[in-house]
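Chemist: Here it is, the structure in full.
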Amino acid sequence: MHYKIKNLIKVFLLITLGFIFSACSQSNPQEYYDPLEKINRKTHSFNKSLDKLFLRPASKVYGVVVSDFVDVLINNFTNNLSEPSNAANHLLQGKVKKSSNSTARFLVNTTIGIGGITDPASRLGLPSNESDFGKTLHSWGFNEGAYVELPFYAASTVRDTTGIVVDFIMDPINSIIPSRYKIHTQGAKLIELAGDRNEYGDVIDNMLYQTEDSYASQRLYYLQRRRFDLNNNTISDDDLGNPYEDE
């Protein structure tokens, strides 16, 4: 109980800090706010070096060693681990139906789906609806805040960074899975990361290694994609705007 209270206090403080910093941001989708650009660029160089030395080679090995069938099983397993968090965030956003759907998906895929490696829930009419605490903060009216490049994680904003930390602290799966098995779940997520890097390799390579300013390209890609996603994909690219059209 004491542990849960401490976590709630941490979450409250993170949300408060996120609100303070996000209040300084522009809300116009054709603008961006990057007061930490000098620091962000140094972090970007660090992340780019990690990708070149480790993640990119690992993704190429993954593409050769792991079959499409096994890749699907890995993605199913890690996606299923996210369902309790999806359910919690949908509920916090007032989306009761989607929260129930995510809960049902977790129960079905964990049992019938053999621990989540298969996805019978989708075949039963329970589609996947991903969510996160960054989306929850957006639904509560928080602005995105300053653009941030996180070490080992890459592009984010103050609001989304707050969401990442809150999701990690409050993830219901941490209370469900016994501690002795958590190393396996974390390992699966790392393997999935290599798989995602392999799947989107052409896009990432073009952005990081074939553009004049990879930092600006990544910032543009992230902000536009995230804003599009937060608006439920109901706005066009033209409506979304180009945050760099004035440069």
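Chemist: Return the total of residues in the stretch 117-170 being aromatic (Phe, Trp, Tyr), without any contact (Cβ under 8 Å) to a residue 60 or more places away in the chain and buried (at least 20 other Cβ atoms within 10 Å of the Cβ).
Modeler: So the answer is 1.
Chemist: Where the second residue is of a type in the set (Phe, Trp, Tyr) and buried (at least 17 other Cβ atoms within 10 Å of the Cβ) and the first is modelled with pLDDT of 60 or more and lies in the stretch 221-241, which pairs have Cβ atoms under 7 Å and are six or more apart or on separate chains?
Modeler: Filtered contacts from the stretch 221-241: LEU223/TYR32; LEU223/TYR147.
Chemist: Could you list, in sequence order, the residues of the stretch 57-81 that are among the polar types (S, T, N, Q) and touching a residue at least 60 places away in the same chain (Cβ under 8 Å)? Walk me through how you get there before you give the answer.
Modeler: Our first condition is that a residue be among the polar types (S, T, N, Q); within the stretch 57-81, this holds for 59, 67, 75-76, 78-80.
Scanning the stretch 57-81 gives SER59, ASN75, THR78.
Chemist: Looking only at the stretch 198-217, count how many residues are in a helix (DSSP H, G or I), under 22 Å from LYS42 (Cβ atoms) and in contact with a helix residue (DSSP H, G or I) (Cβ under 6 Å, 6 or more places away or on another chain).
Modeler: 5
Chemist: Sticking with this one: Could you pull out the residue among TYR209, TYR244 that is surrounded by fewer than 19 Cβ atoms within 10 Å (Cβ to Cβ) and at pLDDT 95 or above? Steps first, please.
Modeler: Values: TYR244 fails: at pLDDT 95 or above.
Answer to the check: TYR209.
Chemist: Only one of these is more than 30 Å from THR118 (Cα to Cα), at pLDDT 95 or above and exposed (fewer than 12 other Cβ atoms within 10 Å of the Cβ): SER49, SER27. Name it.
Modeler: That would be SER49, the only listed residue that is more than 30 Å from THR118 (Cα to Cα), at pLDDT 95 or above and exposed (fewer than 12 other Cβ atoms within 10 Å of the Cβ).
Chemist: A follow-up question, please. Residue check, TYR215 against (1) farther than 27 Å from ASN76 by Cα; (2) modelled with pLDDT under 95, all met but one. Which one?
Modeler: (2)
The values are calculated or read from the model by the stated rules, or taken from the named source; none is laboratory data. Keep in mind the model is a prediction, meaning the values are calculated, not measured. Backbone-built Cβ (ideal geometry, glycine too); neighbour counts: all protein chains shown.
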